[in-house]
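No lab work stands behind these numbers, since they all come straight from the coordinates. Being a predicted model, the structure only gives us computed values, none of them experimental. No Cβ is skipped: glycine too gets one built from the backbone with ideal geometry, and neighbour counts run over all protein chains shown.
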């Protein structure tokens with residue numbers, strides 16, 4: 001604990017890391033970054049939506065033991081910006097409304113149960129779990145009684161808060177925005193950008209070639225004594 005003025009209690013420290021890696025394999029990491037990046041991009045024009053990955057969430061002031069780090073979380077009603085951790089009492093006491101967990105082989109049923117109880121207790125509205133090894137997707141949405149209830153069928157499910165649609169294609173999680181565009185990773189995004197640049201360059205070349213042909217034709221007509229229209 002950090003020391004404060006004499007006669008006062010030591011200030012509580014809220015660690016930003018537990019020393020564990022963000023992901024335990026490349027597959028898990030890819031899904032985490034694709035989800036976080038896709039959601040951040042989708043809400044880039046919303047200054048009141050904060051999206052983070054692998055960030056500690058502390059719901060109780062003065063308690064640095066009660067915490068969890070969702071693989072991805074979305075908070076409506078909070079500004080964008082960098083944070084060492086999400087300390088709820090400093091965020092107008094707004095809890096993350098949507099969280100995602102991407103499972104790794106080391107995850108246990110006890111760990112998942114503890115997280116589910118944490119999310120239900122501290123105000124999460126939607127909780128999604130994806131197991132990339134098993135190709136299984138689970139969703140939980142808070143009902144009128146205040147409990148997180150499992151979504152019966154996740155294929156084609158549309159998140160009430162995010163507006164995204166979930167699909168499983170050969171066991172692979174695919175997330176679609178409301179405009180039909182799918183979330184893609186950085187490599188796919190760069191490849192698409194390069195294809196678009198190549199297409200634009202080809203169109204520019206064709207226009208230039210057409211203009212050159214028109215200029216040559218006009219020059220030939222003038223040589224023949226015909227004024228081009």
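The C-alpha radius of gyration of the range 26-183, expressed as a fraction of 2.2 N^0.38 Å, stands at 0.99. If the segment from residue 109 to residue 44 were pulled out straight at 0.36 nm per residue, it would be longer than the present Cα-Cα gap by 19.9 nm. The relative contact order of the range 131-179, computed from alpha carbon pairs under 8 Å that lie at least 6 residues apart in sequence, is 30 percent. Anisotropy class assigned to the range 112-168 is oblate, per the alpha carbon gyration tensor with a/c at or over the 1.5 cut-off and a/b no larger than b/c. Provide the FRET efficiency to the nearest 0.05 for the residue 202-residue 83 pair, computing r from the beta carbons and using R0 = 41 Å. Plugging the Cβ-Cβ distance into 1/(1 + (r/R0)^6) gives 0.40. Once the Cβ-Cβ distance of residue 161 and residue 12 is raised to the sixth power relative to R0 = 30 Å, the FRET efficiency obtained is 0.45. Here's the picture: a label point sits 7 Å out from the Cα of residue 25 along the beta-carbon direction, and within the range 121-154 the residues with their amide nitrogen under 11 Å of it are 132-135. For the range 26-183, the relative contact order is 15 percent, taking Cα pairs closer than 8 Å that sit 6 or more residues apart in sequence and dividing their mean separation by the residue count.
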